[in-house]
Structure formats: C-alpha cells, structure tokens
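One structure below.
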Amino acid sequence: MPKLAEADRLQALGMLASALAGRPVAVAPLAPGEPSWTDAQTVYVDPAQGARANLESAAVHASLIAAGSLDSEVIGSLVRRPRIANRYLAIEGRRALGANARILPRVLAHLVESEWASRSDSPEGSLALASGKCAIEDLPAAFGVIRAKKVIAANAGAADQVDGESLGHVPRRGSAQAREELDESVDDSDVPDLFTSPVGGGGFIGKWLKKMLSSARKSDSSGGGPPGADTPTHRTDSANRGAYAVGSAGAVSSEDAADIKTDGVKYPEWDADRRGYRPEWCTVREVDPKVKASAPQAIEGHIGVRRPLARLGMGLHRRHRQSQGDDIDIDAAVEARVEVRAGSAPDEAVYLDSLRRRRDLSVLLLLDVSGSAAEPGTLGRTVHQQQRAAVADMTVALHDLGDRVALYAYYSQGRAAVTVMPVKRFDDHLDTRVMRRLNSLEPGAYSRLGAAVRHGSAVLEKRGGTSRRLLVVLSDGLAYDHGYERAYGAADARRALTEARRRGTGCVCLTVGAGTDAAALRKVFGSTAYATIGRPEQLGAVIGPLFRSALRAAEVRRRIW
C-alpha cells in the first residue's frame, strides 16, 4: 500500500478532528518523540508514531474540545501541576471519548472500554478525582499531555477575535488530478464504513482514511452506498478548501432529525445517475435562529448596492384614456365609437400608456451557513463574514427601494435534517432584531443546496406577492452533505435552480470572498446567472447586470412554460 503524503494524512485527520470536536480544528505535526497535545484550536501529533497512533491522538484531543474539558476555569487548576494534569487527562480523556462514542470511529471503540469512562460526569468531577489519592488506570501514550499554559493562552486569544474568526487552518495540498487518481484507486469493498458520523463513508476522505487504516481493521461488512443515500461522506470539491467544512456549530442532533421527519416539508431530489427524481426524499424544517445578546444590531445600507438596484423590479403603471400610448384602451374606444354614431365629437384619448413607475419585485435572499463558510477568505475575514456583509447590504438596499424582501439561511445534516432559518420573512419589518438575527448566525454542518433552493423558491412563489420574483443564493458553491457529494450534489443543485427558473423565478448565485474555482461553480450553478467576487465592496459592480439578466430570463421562461 503506497504511503500517503504526511500533509494529506494530517489534512484527513483534521477533518475527523473537526467532526468530533463540533467545530473547525486543524491537525499539525510535532517534532519526532514529542507527545501529542492540543491548544483547543489545533491538535499536534507526531507523524513518526504512525497512522493508527495519530488517529487515536486526534480523536482523544478533539473529544476533549467537544466535552469542554479544556475550558480555562478547569485547566487553570493544572498549571504547574503535571502529576494532577496527567491524572486528569487519564480520567477526563476517557469520559470525553465516552461522550463522543456515538460518532467515534468503530476502530477506536477500545479507547472507551474502561470503567473510568463513566466514573465522572463532568470536567469538574474528573478534576476532583484527579486531585484525590485513588488509584487510576495508566495514561495511554495516545492521550499525550495537557499543556495548561498554552491552552489558557489560546482560549484567551480566541475570545478576543472578532466574530469568532477561526484559527489553525491547514491548507489542502495536491492537484485535483492526484486526488481523483487516489479516489479511484481505493478499493474498499472489504472495508466497512470507517465512521458512523459525517466524516467517513463513500466520499474521498472516507476512502482515504480507510486506505490508511485498512491494515489495522478487517470486517465482513461493506462500505459505501448509493448516491443520495445517507452514507457518511466528506467535502472534496476544491483542492484549496475543506478544513472547515465539517464545523457543526449549527448541528442537528438525532433527536431533532426525528422531529424534522414528522413536521417538516418534504421535497424531491434529482438523481442524475438514475435520470429521475427521488420523491419526498428531503425534509426541510424552518427553525428560528438563536439570537446572541452581544450580536451587533446596526442597520447600514451600502449606497453602492442601492444604485444599481434602483431600476430593477419597476412594474408597469397603466394610464387609461391617454392621447397617445402603446395600446388601445378598449373602454375608451367603445365610448368614442358610440359618440361618433350619436353625432357627437368623440374624445380622442383612447390609448393606454404603460410606464414603469411602481416597484413590482419580491426577492428572497438565501444565505449558506454551512461549515465551509468558516474558512478564511479574502481581506483576513472568513467567507461567512463577507457573505453576511453582502447579504445585509442587499437586504437594506432592496427594502429601502420598496421591494418585498426576505432573508433565509440554511445548513443541513443529511436528507432528513435540512434546516432553513428565517432571518427576515416577507412581512417582517426591517429593524435591529433582523440584524441581530443575521449577526448571530454561525457556520456549521453541511450544505444540501438543492433542498434549500426548492424551499426558498416555494416560499417566494407563495408569499412574494408580486409578478416578478428573484431568488438570490449566496454560497461558496460547495454543495455537500451525507450521500450528496461531487457530481450527484452538483446535478441536484443545478436541477433545483432550473425548476425555479421554469416557474418564472429569476435566479442569481453569488460567491463572495471564497476561493472556489470557476469550473466548480459552473458544475453547481449551471446556466444560472452567477458571479464570484473577492470582497463585498465589489458587489455594486456586478449586481445590476446579474439581476436584470435573471429577471429577463425568468420573463421569457414564464411565456414559454
């Protein structure tokens, strides 16, 4: 079995660590011989220890992050107390792994097969046991060490960052061709799904890790799954992106998923391989976004966006009984004819004049808040921060111009758990509460774009209330979820956008501050009007032509279909 490049293997471990930690976490190398540790932002491992040992270390430290085991209040008690720190790690590490057992790779189940996994129910409880004199099990080498001072310093630095901007990004290396060749070379017919979480399975990284660990694990169950199934997968769309694709700040629990199945709205999904729809395949539920008390609430409109939108959505104002115009006023013409037959002088004002003098446009803005939006973008800000700024500018500008505007955000965790969050409904007032909802959004989980587009277009058609409709999707273009990867997800997203356009809704897709390449965007957005810009300030230069093109195309399709 050929040896994988160290950087690629660490990247794969970073994806696993992010899933287990519930937020973006990177994995970086240590000098040979140093024990593994984490500062709650990055997990440090010794590549010389081998793939299995590195996997165990990444799982332990990521679980500590997820369980709150590294909070400064607890870790502060371990400074300059190495013996207590080691005892705490031996107890709390097993407790944290036990708490993550549901999504832990099965190959690591032995790490939680200990009575100490249930001896404590909190970090404080583990600290109390560690500070006592009771005998405990030896600290496994994979658990590494706790560097209390560095953890406290990292926690303080993270708290000072603006808008929760993430640290520790490890860029993905390697050409697209190399990734495709590796993906196609992996034969996992005799290797079961490595994960029961969103990290493994039929996707590229899942196969990657299966290949890396196949010598350590044998089973007679089979992995993979059919397109569109709930096989755990991973995002692999771009060679330069992905370390933040599995952040789960907006994660939906299995209990929530059960609720969604009963009270959500079901939509079909397009299966390009079978050339047909999967009926009632995805379930979408609207959930009000959680509002942070500290979220900014200022409303600021960007004049550069308002100007190119000013002439959009102008509806025809029909003036009757005009002396000239572009159509005949039937009532006035009949009356004039009657007057002529009666011998009276007719009124010559028998025309209709059509002027665009009133707004006749409803716009639904659909914001992607999946985990990949947490990745660093241009200008030192994340993709999410820049797309959030752009959508705020458009919302304010369209509202000020008198258009009906709604703003929704979305993320997903499987076909039964597509969550759409109404930040502003069509009939809501644009006030500080809307801005606080918007600024409280945090990226997490995945992006089942097709289901989100179908729900957004349905809301727009039902509640827009105008003859001209526009759906604007702000996304990095990475449509990815469980069983919704690569060509399958891209084909369904394209199909959903085509469906909306056929029903007379103009569609525009915008990518702001992301590094997704144009070819990947074309696969997802298809012939829909789209643009990718480096920063929100450039929006005014492209938004006018894009919106006009989308609205004209929708009018043509309304006449055809």
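The values are calculated or read from the model by the stated rules, or taken from the named source; none is laboratory data. Quick caveat, the model's predicted, so the values are computed rather than measured. Because the Cβ atoms are built from the backbone with ideal geometry, glycine has one as well, and the counts that use them run over all protein chains shown. The accessibility values were calculated without ligands, DNA or RNA, using every heavy atom of the protein model including side chains. Shrake-Rupley method; radii C 1.70, N 1.55, O 1.52, S 1.80 Å.
Looking for something under 22 Å from ASN155 (Cα atoms), over 32 Å from the mean Cα position of the chain (by Cα) and surrounded by fewer than 18 Cβ atoms within 10 Å (Cβ to Cβ) - is there at least one such residue anywhere in segment 104-127?
To start, the set of residues in segment 104-127 that are under 22 Å from ASN155 (Cα atoms) comprises 122-127.
Then keep just the ones that are over 32 Å from the mean Cα position of the chain (by Cα); that gives 124-127.
Still in the list and also surrounded by fewer than 18 Cβ atoms within 10 Å (Cβ to Cβ): 124-125.
Within segment 104-127, one or more residues are under 22 Å from ASN155 (Cα atoms), over 32 Å from the mean Cα position of the chain (by Cα) and surrounded by fewer than 18 Cβ atoms within 10 Å (Cβ to Cβ).
Among residues belonging to segment 128-139 that are free of Cβ contacts under 8 Å to residues at least 12 places away in the same chain and part of a loop (DSSP other than H, G, I, E, B), point out the one that is least open to solvent (accessible area, probe 1.4 Å).
Keep residues of segment 128-139 that are free of Cβ contacts under 8 Å to residues at least 12 places away in the same chain, which gives 128, 132-135.
With the extra rule that they be part of a loop (DSSP other than H, G, I, E, B), the set shrinks to 132-135.
Values: GLY132: 26, LYS133: 202, CYS134: 47, ALA135: 88 Å².
Ranking the candidates gives GLY132 first.
Test ARG436 against the stated conditions and say whether it is open to solvent by 40 Å² or more (accessible area, probe 1.4 Å), charged (D, E, K, R) and either under 19 Å from VAL291 (Cα atoms) or in contact with an Asp or Glu (Cβ under 7 Å, 6 or more places away or on another chain) (or both). Explain how you work it out, then say what you get.
On the way: open to solvent by 40 Å² or more (accessible area, probe 1.4 Å): yes; charged (D, E, K, R): yes; either under 19 Å from VAL291 (Cα atoms) or in contact with an Asp or Glu (Cβ under 7 Å, 6 or more places away or on another chain) (or both): yes.
Yes.
Mind counting the residues in segment 24-57 that are β-branched (Val, Ile, Thr) and not in a strand (DSSP E or B)?
Residues of segment 24-57 β-branched (Val, Ile, Thr): 25, 27, 38, 42-43, 45.
From the residues that got through so far, the ones that are not in a strand (DSSP E or B) too are 25.
Counting residues in segment 24-57 that are β-branched (Val, Ile, Thr) and not in a strand (DSSP E or B) gives 1.
Taking the condition surrounded by 15 or more Cβ atoms within 10 Å (Cβ to Cβ) and either modelled with pLDDT of 80 or more or among the aliphatic types (A, V, I, L, M) (or both), does ALA332 pass? Steps first, answer last, please.
On the way: surrounded by 15 or more Cβ atoms within 10 Å (Cβ to Cβ): yes; either modelled with pLDDT of 80 or more or among the aliphatic types (A, V, I, L, M) (or both): yes.
Considered against the rule, which asks whether it is surrounded by 15 or more Cβ atoms within 10 Å (Cβ to Cβ) and either modelled with pLDDT of 80 or more or among the aliphatic types (A, V, I, L, M) (or both), ALA332 comes out as yes.
Being open to solvent by less than 10 Å² (accessible area, probe 1.4 Å) and at pLDDT below 90 is the filter here, so list the residues in segment 505-515 that pass it. Steps first, please.
Applying the first criterion (open to solvent by less than 10 Å² (accessible area, probe 1.4 Å)) to segment 505-515 yields 505-513.
GLY513, the sole residue that qualifies.
Using the structure shown, decide if HIS399 is closer than 23 Å to PRO536 by Cβ, open to solvent by 10 Å² or more (accessible area, probe 1.4 Å) and not β-branched (Val, Ile, Thr).
On the way: closer than 23 Å to PRO536 by Cβ: yes; open to solvent by 10 Å² or more (accessible area, probe 1.4 Å): yes; not β-branched (Val, Ile, Thr): yes.
Judged against the criteria, HIS399 is a match.
If VAL43 meets every condition in (1) surrounded by fewer than 24 Cβ atoms within 10 Å (Cβ to Cβ); (2) without any contact (Cβ under 8 Å) to a residue 60 or more places away in the chain apart from one, which number is that one?
(1)
For the list (1) touching a Phe, Trp or Tyr at 6+ places or on another chain (Cβ under 8 Å); (2) part of a loop (DSSP other than H, G, I, E, B); (3) more than 30 Å from PRO296 (Cβ to Cβ); (4) modelled with pLDDT under 50, I need the number of the one condition that ARG179 fails.
So ARG179 meets the others, but not (2).
When the residues of segment 46-85 are narrowed to those that are among the charged types (D, E, K, R) and more than 24 Å from GLU124 (Cβ to Cβ), which ends up surrounded by the fewest Cβ atoms within 10 Å (Cβ to Cβ)?
Here is the first cut: in segment 46-85, the ones among the charged types (D, E, K, R) are 46, 52, 56, 71, 73, 80-81, 83.
Pick out the ones that are also more than 24 Å from GLU124 (Cβ to Cβ) and you get 46, 52, 56.
Details: ASP46: 18, ARG52: 16, GLU56: 25.
Among them, the one singled out is ARG52.
Considering each of ALA458, ALA493 in turn, give the residue that is assigned to a helix (DSSP H, G or I) and open to solvent by less than 10 Å² (accessible area, probe 1.4 Å). Lay out the reasoning, then the answer.
Working: ALA458 fails: open to solvent by less than 10 Å² (accessible area, probe 1.4 Å).
Going through ALA458, ALA493 in turn, the sole match is ALA493.
Here are some residues: GLY371, GLY343. Which one is open to solvent by 60 Å² or more (accessible area, probe 1.4 Å), modelled with pLDDT of 75 or more and not charged (D, E, K, R)? Break it down into steps so the answer makes sense when it comes.
Working: GLY371 fails: open to solvent by 60 Å² or more (accessible area, probe 1.4 Å).
One residue alone meets the criteria, GLY343.
Would you confirm whether any residue within segment 464-485 is in contact (Cβ under 8 Å) with a residue 24 or more places away in the chain and assigned to a helix (DSSP H, G or I)? It would help to see each step written out before you state the result.
Step one: list which residues in segment 464-485 are in contact (Cβ under 8 Å) with a residue 24 or more places away in the chain, which gives 464-485.
Add one more test, that the residue is assigned to a helix (DSSP H, G or I), and what stays is none.
No, the conditions are met nowhere in segment 464-485.
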